[in-house]
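To start, the structure under review is shown below, and the notes come after it.
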Ligand SMILES: [Zn+2]
């Protein structure tokens with residue numbers, strides 16, 4: 001794993017320094033919800049396998065936060081909200097390209113709950129996204145049009161976080177967009193490959209290349 005250490009030079013007069021300091025780092029756990037697991041409304045293949053991995057790594061971080069997809073019924077990202085739309089086809093929503101998803105993570109339903117097997121003892125805050133029916137939100141930081149922030153960036157900055165490691169579901173959508181936004185916002189960012197699974201393996205390969213080219217790490 002990468003810890004993004006920063007070097008503090010040795011002061012020969014005082015004898016202080018001369019060591020690596022670890023930057024404050026946070027783990028962002030994206031959308032570990034029943035609807036994204038096998039058997040759910042929008043299942044990610046082998047998505048359940050990431051949970052024990054995420055549970056194992058949480059205590060390596062100074063701070064752990066999570067995101068939760070949290071849609072009102074008839075959300076604009078649902079195929080069911082568009083006349084004649086086919087599942088997974090691309091249409092537009094509010095002028096932005098929009099995949100027509102099956103209904104998923106509807107507020108107050110079991111499918112929207114964070115999975116009970118996810119250890120939440122170290123999760124300090126859960127940031128919800130996707131409440132506005134007129135726009136989708138893949139990233140944990142903003143909606144897809146960047147009209148509204150969730151507050152996650154300010155929260156992390158207020159805690160002095162410099163580096164974020166992103167895991168969860170799905171690798172090629174919400175994990176990828178969260179990690180890309182983290183870079184844009186000035187955080188060092190990595191995607192933890194063992195703790196994420198994609199909807200499309202080829203989609204994730206392309207996403208990884210974009211993320212690496214932008215200065216991210218995949219570990
Ligand atoms: Zn959603």
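Each reported figure results from applying straightforward, stated rules to the coordinates on display, with no laboratory input. These numbers come from a predicted model, not from an experiment. Backbone-built Cβ (ideal geometry, glycine too); neighbour counts: all protein chains shown.
Key figures for this structure:
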read-out	value
Relative contact order (%) - segment 99-154, alpha-carbon pairs under 8 angstrom, separation at least six	19
Linear extension gain, residue 113 paired with residue 214, 0.36 nm per residue minus alpha-carbon span	33.1 nm
Fully extended contour minus Cα-Cα distance, from residue 184 to residue 96, at 0.36 nm per residue	29.7 nm
Gaussian network model of the chain, springs between alpha carbon atoms under 10 Å - residue of 27, 114, 185 with greatest fluctuation	185
Relative contact order of segment 93-190, pairs being alpha-carbon contacts under 8 Å that are 6 or more residues apart, as %	21
Highest-MSF residue in the chain out of 112, 41, 26 [GNM, Cα springs under 10 Å]	41
25 °C / 0.890 mPa s Stokes-Einstein diffusion coefficient of segment 85-153, Kirkwood radius on C-alpha pairs, µm²/s	177
Diffusion constant of segment 67-109 at 20 °C, which comes from Stokes-Einstein with the Kirkwood Cα-pair radius and 1.002 mPa s, µm²/s	201
Solvent-free Debye scattering, log10 I(q)/I(0), computed from the Cα coordinates of segment 33-134 at q = 0.15, 0.17, 0.18, 0.24 Å⁻¹	-0.68, -0.83, -0.90, -1.26
Highest-fluctuation residue, 100, 180, 108 considered, GNM on the chain with Cα pairs under 10 Å	108
Kirkwood-type radius of the chain, with distances r between different C-alpha atoms, in Å	18.0
Cα→Cβ-extended label distance, 7 Å offset, between residue 125 and residue 49, nm	3.3
Residue-averaged [θ]222 nm for the chain, counting only DSSP H segments that reach four residues, each worth -39500 (n - 2.57)	-5000 deg cm²/dmol
Förster radius 30 Å - calculated FRET efficiency between residue 194 and residue 88 (Cβ-Cβ, nearest 0.05)	0.70
Debye log10 I(q)/I(0) at q = 0.14, 0.17, 0.20, 0.24 Å⁻¹ for segment 173-219, Cα point scatterers	-0.27, -0.40, -0.56, -0.82
Cα gyration tensor category, rounded, prolate or oblate, for segment 115-219 with a/c compared to 1.5	rounded
